[in-house]
Amino acid sequence: MRCLFLLPLLLLGVVACKPDKPPVATPPVTAPVASVPVPPAAYTQGYVVELAPTQTPAELRAAAEAVFAKVVSVEPLFPDVQPGDDPEGLSRIHRVRVADAPQGTPWDGANALRERGGFLRVEPDSEDTLTEAQKRAAVTACLGDTGVAAPANPAWSLDANHMAVEAARKLALPPGGKALGEGVRICHPDSGYTDHVDLDSGRIDRRSTLNLMEGGTDAHDPLGYSGNPGHGTKTGSVLVSDGGFDASGNTTAPGRIDGLAPRATLVPIRTFNSVIRVLDSNTARAVRHATTAQCDVISMSLGGRAFFGLERAINDAVRRDIIVVNAAGNCIGMVVAPASYDNAIAVAATNVDNKPWKGSSKGRAVDISAPGEDVYVADAVAGATGIESSPGNGTSFATAAVAGAAASWIAFHGRARIKAAQGSLTRRDLFVKAMQASARVPAGWDAGRYGTGILNLEKLLRQPLGAARTQLRAPPRDDTVNLMARTLDRDPAEVRAGLQRLLGQPADLDAELERFGPELMDLAMRDPEGFQRTLQAPSPGALQAPDTVKPRASRALATRMAGTP
């Protein structure tokens, strides 16, 4: 049994049709691509701050210098955003980095900065957030053989019994349509890319690549580090590998992998070294860069804690008709962010028997499933052009398949026809409706935990776009209660009742969640089992498990929870 421990993939869940949302304008992005990042000076802790509309960066610096002894930097998180086209308030979000010796929890520093400056939101900018939760869950969620042997044919996931990719390639094109994702841009926040026969270098737009790890624009994966070296090459091969099929349904040259959108343009964004160590602000910047780089699809095989800067960047991308596809998570027992966000498309993983992969996250947040166990992917090598491939496991690969399908869907119908069919919907909404309506549903399928079914590319492309429709599109429901319910796969009413009890029955729960909601979400994702225990009312006389939540809370939140039995 092979487990690729990918943080963004170790955290994702169920196909509940997300609510339709109000009509929104989708203006083109005219701002230039974000400035080239440089490696930051040494710091011990970062924070992301949302200013009120009347506040200035100078006020933020003054407040930071009053709270911390060593302020390293204060900078806009999204420096290219134009305030006149900014309904998500991205231009008011800043990143603060300090070099103080750690005292208390990162949330203690965030609370102190927020109170000192009266800012709208302050959250820690963390890199290592879910490692402990993943380690605990992996013991039961990922280890051990499921009894399903790895198929010998690298094309198994593409055949008629799975995603029907070969049949999709034989469909007649509609007027103006193009095949195989031609003309569509896929942005790919991941570990970067390496040279490989299954990752056609001619499909990579090097003018738009970005490196958020070492700085600069070269998104090559250096390999050789601790984490998931080569992950971007693996997922990239599922997206754009330029192979074909022979008469027997086997893959053909140039390599052994056939991508879902082999003629699409790929924009790699080097964003992490390990899928279980993802810096929040870098991930948000990657999404923003994808927006300014005019991508049609963002494929995010990564995950972590809920973070408002990433949520806002995704909402802005979706508003501009970008389809954002996200891994539900691996071996962790909950759906991770950003897959848990309302505007995200969350993807779970299946195997050759069309059953859920043992390590896949699941729950009400999941929209769709796709093959992710024993899927053949390109193997990265240093100093040469890779030629090998091997089976791998993870919602990362299921995510890349869905993102590639989205690119093929856009090319097949054409942007103009899709736009005409959207009406008041976003492109994301129309794609999800078509994908779910065309999904293959195996016998006994659990649609409440793994989405409506398994991706079927042929049926997806055959699915009519339909007439334009006007319907209200509710704002994304990413408040604490709904986000926690999607993450933990719990009923929102149960979550609300549990939070009411946890916070000591406050008269105004919403006000308390406005203050403590982000930290509560962080605690829930660090220890989902322990947090769910705290949401349950204690049974009289029953032996209670040790409280693992309060000891990790900030001083302010621990005080608020002090009266909880």
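The values are calculated or read from the model by the stated rules, or taken from the named source; none is laboratory data. Remember, it's a predicted structure, so these values are computed and weren't measured experimentally. Using ideal geometry, Cβ is built from the backbone for each residue, glycine included, and neighbour counts are taken over all protein chains shown.
If you take the residues of region 367-415 that are part of a helix (DSSP H, G or I) and in contact with a His (Cβ under 9 Å, 6 or more places away or on another chain), which of them is surrounded by the most Cβ atoms within 10 Å (Cβ to Cβ)? Steps first, please.
The first filter runs over region 367-415 and keeps only residues part of a helix (DSSP H, G or I), leaving 395-413, 415.
With in contact with a His (Cβ under 9 Å, 6 or more places away or on another chain) added as a condition, the list becomes 396, 400, 403.
On the way: S396: 37, A400: 34, A403: 31.
Looking at residues that are part of a helix (DSSP H, G or I) and in contact with a His (Cβ under 9 Å, 6 or more places away or on another chain), I get S396.
Look through D316, D321, D342, D353 and report the one residue that is surrounded by fewer than 24 Cβ atoms within 10 Å (Cβ to Cβ), assigned to a helix (DSSP H, G or I) and assigned by TED's automatic domain parsing to the domain that holds T283.
Details: D321 fails: assigned to a helix (DSSP H, G or I); D342 fails: assigned to a helix (DSSP H, G or I); D353 fails: assigned to a helix (DSSP H, G or I).
The unique qualifying residue is D316.
One line per residue, one yes/no per condition, for (1) on the phi > 0 side of the Ramachandran plot; (2) touching a residue at least 24 places away in the same chain (Cβ under 8 Å); (3) surrounded by fewer than 24 Cβ atoms within 10 Å (Cβ to Cβ):
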| site | (1), (2), (3) |
| --- | --- |
| A179 | no, yes, yes |
| Y193 | no, yes, no |
| G202 | no, no, yes |
| R206 | no, no, yes |
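The number of residues in region 518-533 that are closer than 14 Å to L499 by Cα and either more than 20 Å from the chain's Cα centre (by Cα) or among the hydrophobic types (A, V, I, L, M, F, W, C) (or both) comes to 8. Scanning region 480-496 for residues that are more than 21 Å from G333 (Cβ to Cβ) and crowded, with 16+ Cβ neighbours inside 10 Å yields a count of 1. Within region 161-181, the set of residues being in contact with a strand residue (DSSP E or B) (Cβ under 7 Å, 6 or more places away or on another chain) and part of a loop (DSSP other than H, G, I, E, B) comprises H162, M163. In region 178-187, the count of residues that are under 21 Å from V275 (Cα atoms) and of a type outside the set (A, V, I, L, M, F, W, C) is zero. For first residues located in region 52-64 and on the phi < 0 side of the Ramachandran plot, partners that are surrounded by 15 or more Cβ atoms within 10 Å (Cβ to Cβ) and assigned to a loop (DSSP other than H, G, I, E, B) and lie 6+ apart or on another chain with Cβ distances below 8 Å form the pairs A52/F119; A52/L120; Q55/F119; P57/L51; E59/L51; L60/L51; L60/F119; A63/F119.
In the set (1) modelled with pLDDT of 95 or more; (2) over 20 Å from the mean Cα position of the chain (by Cα); (3) not polar (S, T, N, Q), the condition left unmet by L455 is number (2).
The single condition among (1) assigned to a loop (DSSP other than H, G, I, E, B); (2) more than 30 Å from E115 (Cα to Cα) that R428 does not meet is (1). No other residue among G232, G243, G224 is touching a residue at least 24 places away in the same chain (Cβ under 8 Å) and on the phi > 0 side of the Ramachandran plot apart from G224. Exactly one condition in (1) over 23 Å from A420 (Cβ atoms); (2) small (G, A, S); (3) modelled with pLDDT of 95 or more is not met by G329; state its number. So the condition that G329 fails would be (3). State whether one or more residues within region 405-419 are assigned by TED's automatic domain parsing to the domain that holds R319 and in contact with a Ser or Thr (Cβ under 7 Å, 6 or more places away or on another chain). For region 405-419, residues assigned by TED's automatic domain parsing to the domain that holds R319 and in contact with a Ser or Thr (Cβ under 7 Å, 6 or more places away or on another chain): absent.
For region 239-282: of the residues being part of a helix (DSSP H, G or I) and within 17 Å of the chain's Cα centre (by Cα), which is farthest from A401 (Cα to Cα)? So that I can check it myself, show each step before the final result.
First, the residues of region 239-282 that are part of a helix (DSSP H, G or I): 239-240, 280-282.
Then drop every residue that is not within 17 Å of the chain's Cα centre (by Cα), which leaves 239, 280-282.
Numbers: L239: 6, D280: 24, S281: 26, N282: 24 Å.
Out of the qualifying residues, it is S281.
Tell me, which residue of region 116-141 that is part of a helix (DSSP H, G or I) and in contact with a strand residue (DSSP E or B) (Cβ under 9 Å, 6 or more places away or on another chain) is modelled with the lowest pLDDT? If we take residues in region 116-141 being part of a helix (DSSP H, G or I) and in contact with a strand residue (DSSP E or B) (Cβ under 9 Å, 6 or more places away or on another chain), then A138 is modelled with the lowest pLDDT.
I need a count of the residues in region 85-104 that are buried (at least 21 other Cβ atoms within 10 Å of the Cβ) and not in a helix (DSSP H, G or I).
Keep residues of region 85-104 that are buried (at least 21 other Cβ atoms within 10 Å of the Cβ), which gives 90, 92-98.
Remaining after also requiring not in a helix (DSSP H, G or I): 93-98.
The total comes to 6.
Considering the conditions (1) assigned to a loop (DSSP other than H, G, I, E, B); (2) crowded, with 23+ Cβ neighbours inside 10 Å; (3) of a type in the set (G, A, S), A443 is excluded by exactly one of them, (2).
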